[in-house]
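Inspection log for the structure reproduced underneath, given as structure tokens.
We did not get these values from a lab; they are worked out from the coordinates using the rules stated. Quantities reported herein were computed from a predicted structural model and do not represent experimental measurements.
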Amino acid sequence: MSNLFTKPFLLLVEDSDEDFTAFMRFSSEFILEHPVTRCRNGEEALEFLKDVSDKLGCNIYQTTQLPALIILDLNLPGTDGREVLTCIIENPQWQQIPTIIFSSSADPRDIQFCYEHGAKSYILKPIDLNQLKKNIQVFWEYWFNVVILPNYQNL
């Protein structure tokens, strides 16, 4: 049985369809090699991580894996990104996943909170589409072509 997540993939937690569409459009040259899974809110993201973690614990073939990266919007309906980030850092299995904040908030308190709670990067969503495209492409280049990510199948 083939699993969708045999390649390193990223989890994008984004409620805005417009932001998700822009991210995917500007990521088109990268997503074949590194698929993107979307969750629309914090509850869905935490449930997804829990389901993957549970499958890792009982899957002898290890065809399931945790995301290589989590991209997290802060301003989500219901359980917001701050709460999700706190849950990630409190879970020993999830806290090893680099979590990158991708938010329209430039509030210094949000930025400080995120770094204090385990975020590895904080990327501001610019309003300018050309800058957004550049930021997304630099993100992909850095996280998948420069950084060496852990292999979560062996955890």
Discussion item. If I fit a long axis through the Cα atoms of helix 129-141 and take the longest principal axis of the Cα atoms of the chain, what angle between them do I get, 0 to 90°, rounded to 10?
Written reply: 30 degrees
Worksheet item: Taking amide hydrogens as modeled 1.01 Å from N in the peptide plane, which residues meet the under 5 Å criterion relative to residue 38, leaving out close sequence neighbours?
Response: 12
Worksheet item: Calculated from DSSP H runs of 4 or more alone, at -39500 (n - 2.57) each and per residue, what is the 222 nm mean residue ellipticity of the chain, nearest 500?
Response: -12000 deg cm²/dmol
Practice prompt. Mind checking the full-extension length gain between residue 95 and residue 116? Use 0.36 nm per residue of separation minus the Cα-Cα distance, one decimal, nm.
Written response: 6.3 nm
Discussion item. Given contacts defined as C-alpha pairs under 8 Å and at least six residues apart, what's the relative contact order of the range 3-125, whole-number percent?
Written reply: 25 percent
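Report the full-extension gain for the segment residue 83 to residue 31: residue separation times 0.36 nm, less the Cα-Cα distance, to one decimal in nm. Provide the component values of the computation, followed by the final result.
Details: separation 52, 0.36 × 52 = 18.72 nm, distance 2.74 nm.
Here the answer is 16.0 nm.
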